[in-house]
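J.: Have a look at this one.
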Amino acid sequence: MILVLKNFRLVDETTDTRGTVIAEDGIIKQVYPANAEFADAAEKEIDCLLSSTDIVLDGGAANPGNDSNLVLLPAFVDLHAHFREPGFSAKETIESACLAAAAGGYGTVVCMANTKPVTDTIAQAQSVKNRSDILGLIDLYPALSLTKGMEGKELSEITLLKENSIRLLSEDGKDVADEEVFLAAMTEARRIGIPVSCHCDLGGENSATKRAIELGEKTGCRLHIAHVSTKEAAAMIREAKKNNSRLSCEVTPHHIALTEKDAAALGVESFGKVNPPLRTEEDRRALIDAIVDGTVDAIATDHAPHTKADKESGAPGFTGLETAFAVCYSTLVAPGNIGLSKLSSLMSAGPARILGLESGAGGRGRIASGLRADFAIADLAKKWTVNPALFRSRGKNSPFAGMELQGKITVTIHNGRIVFM
C-alpha cells in the first residue's frame, strides 16, 4: 500500500521544512522538500504509484500555504510505561494501553516488568509482545526484570538473552540492594549491549543515582537513569556524561510541568502521589535547563494507570500517554524553552537510539528514506481541556485533568497504516 503525506510541515530532530513524504509497505520511500523542482517530481511519483486502495493526506488542505498548523512528526518512542498485564487488568489491559499510546502519537513503547507474575522470563515477555503485535497499533517491547520476581536475589533470564531479543532491562519500582547481584546483572547487560534502566530510589534519588552511575562505570554497561526529578541528580548526570558516553537519562512530562504545590492541591497521598514525587519549582526549572543543555536524552511518560480506589488509597503514578505531547509542547516549546525539532529528538530519535532502533531494518525516530513509516500528525494551534473520561486508557488518574493544553495529536500512523484519527 502507498501512503502519501502532502504539503506538511515536516519536523524531526534535524529537519524543519515543508514537503511531501511517500511511503510504501510501511517504509518511507521518498521525502520531497516543498520547492518547485521537487514538488513536480513528487507529483509525478504520486501519479505513477497511486491506486484506488492507497491513502493520501494533505496537510495544507485545512490551512493552505505555509502557515498551516499541521505538523508531521516521527511517531513517539516511550522508554517507560506500565501496561499492567498480566495481573492488573482493572487498571489497564494491553488493548486499552495500545489504544492510548496510538491516541497519544506513540509508535513504540517499552512496558515495565512489575506485573503479576513479574516479567522475568523471555517467554513471558514474548507473550505480552504477541498480544500487542496482533493488534498492530504500536510496537511493544516488554522490559525484562533484572532478578527473578524482582526480589533482588537471583538473576532473571537475562543470562539467556541474545542480542535484540529484548531492548531494555529494568527492576522498575525497586533498586537491587545487593551490590553483587546488581553488578552481575549489569555485566550480563554489557554482554548483550542492552541498557539497564534504573529507578533510582534506594536511600533517596540522589544517592541512588550516584550508586547506579558508579556501578555502571565499573561494569561498562549502558546505563539509563529513569525519571530524573531533582536538580542534584540532573547535575550529577551532567558531570558523569562528560566521561561516559554509555550513560543516558530521561525526564517525565509531569516532572517538567508540575511541582509539589500541584501535588498538594491534588492530594499528596492520593491523586497527587507519584514516585519520584513532584518536586520544587527549583527542581522543575533545573530539569528544563538539563533538557536545554543536552543532559537529558529522552522524555518518557511513566504511564501508570490506576483505578480510582487505588489512587484514593495512595497508589503512586499518573496516566500519561494521551497528554504527553501536549504537556511537553505547552511547557517547553510554546514558551520558547526549546524548538519543536528538539522536542522531536527527545520524544522520538533520542529514545530510539537508546533502544538501538535508530537505523537499519525497523529504524525509526526520524523522517528519512528507508526508515519506518511511523508518524504523528499534530495540530500545534489546537487548545484543549484535558478530560480523562475521554481517555482510551482505563486509567483516568491524570494530574492535568481540567487543564488547558496546546498541541493535539490528530492522526497516528503505524507501519504505514492509520491507527488513530
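Where a number appears in this text, it was derived from the coordinates with a stated rule and is not lab data. Computed from a predicted model, the values in this text were never measured in an experiment. Here the Cβ positions follow ideal geometry from the backbone for every residue, glycine too, while neighbour counts run over all protein chains shown.
J.: When a/c reaches 1.5 or more, the comparison of a/b and b/c decides; with that in mind, is the range 167-229 rounded, prolate or oblate per its Cα gyration tensor? Before the final figure, lay out the partial values.
T.: Working: a/c = 1.70, a/b = 1.42, b/c = 1.20.
Here the range 167-229 falls in the prolate category.
J.: How large is log10 I(q)/I(0) at q = 0.13 Å⁻¹ when the Debye formula is applied to the Cα atoms of the range 146-266, each weighted equally and without solvent?
T.: For the range 146-266, the Cα-only Debye profile gives -0.51.
J.: Of the residues Leu57, Leu168, Leu223, which exhibits the maximal mean-square fluctuation in a Gaussian network model of the chain defined by a 10 Å Cα contact cut-off?
T.: The residue with the greatest mean-square fluctuation here is Leu57.
J.: Using 0.36 nm per residue of separation minus the Cα-Cα distance, give me the extension gain between Asn206 and Asn275 in nm, one decimal. Could you put the intermediate results ahead of the total?
T.: On the way: separation 69, 0.36 × 69 = 24.84 nm, distance 1.37 nm.
Full extension of this stretch gives 23.5 nm more.
J.: From the residues Ala233, Ala97, Leu405, which one has its Cα farthest along the dipole of the chain in the positive direction, the dipole being from +1 and -1 charges on Cβ of Lys/Arg and Asp/Glu about the Cα centre?
T.: Ala97
J.: Oh, and also: Just for the chain, what percent of DSSP beta bridges are antiparallel, to the closest 5?
T.: Counting only bridges with both partners in the chain, antiparallel ones make up about 55 percent.
J.: Express in whole angstrom the spacing between the alpha-carbon centres of the range 89-163 and the range 186-225.
T.: One Cα centre to the other: 20 Å.
J.: Another question about this same structure. Hey, got the dipole for the chain? About the Cα centre, +1 on K and R Cβ, -1 on D and E Cβ, debye to the nearest 20?
T.: Values: 45 positive and 55 negative charges, 46 e Å.
Here the size comes out at about 220 debye.
J.: Grab the DSSP H runs of the chain that are 4 residues or longer, score each as -39,500 (n - 2.57), total them, divide by all residues and round the 222 nm result to the nearest 500 deg cm²/dmol. Before the final figure, lay out each step's value.
T.: Numbers: 13 runs with 121 residues, N = 421.
Computed mean residue ellipticity for the chain: -8000 deg cm²/dmol.
J.: Follow-up. Looking at the square roots a ≥ b ≥ c of the eigenvalues of the Cα gyration tensor of the range 242-360, which shape do they give, rounded for a/c under 1.5, prolate if a/b is larger than b/c, or oblate?
T.: Working: a/c = 1.94, a/b = 1.60, b/c = 1.21.
It is prolate, given that a/c is not under 1.5 and a/b is the larger ratio.
J.: Using the C-alpha gyration tensor of the chain, what are the square roots of 5 times its eigenvalues, in whole angstrom, with the largest one first?
T.: 34, 24, 21
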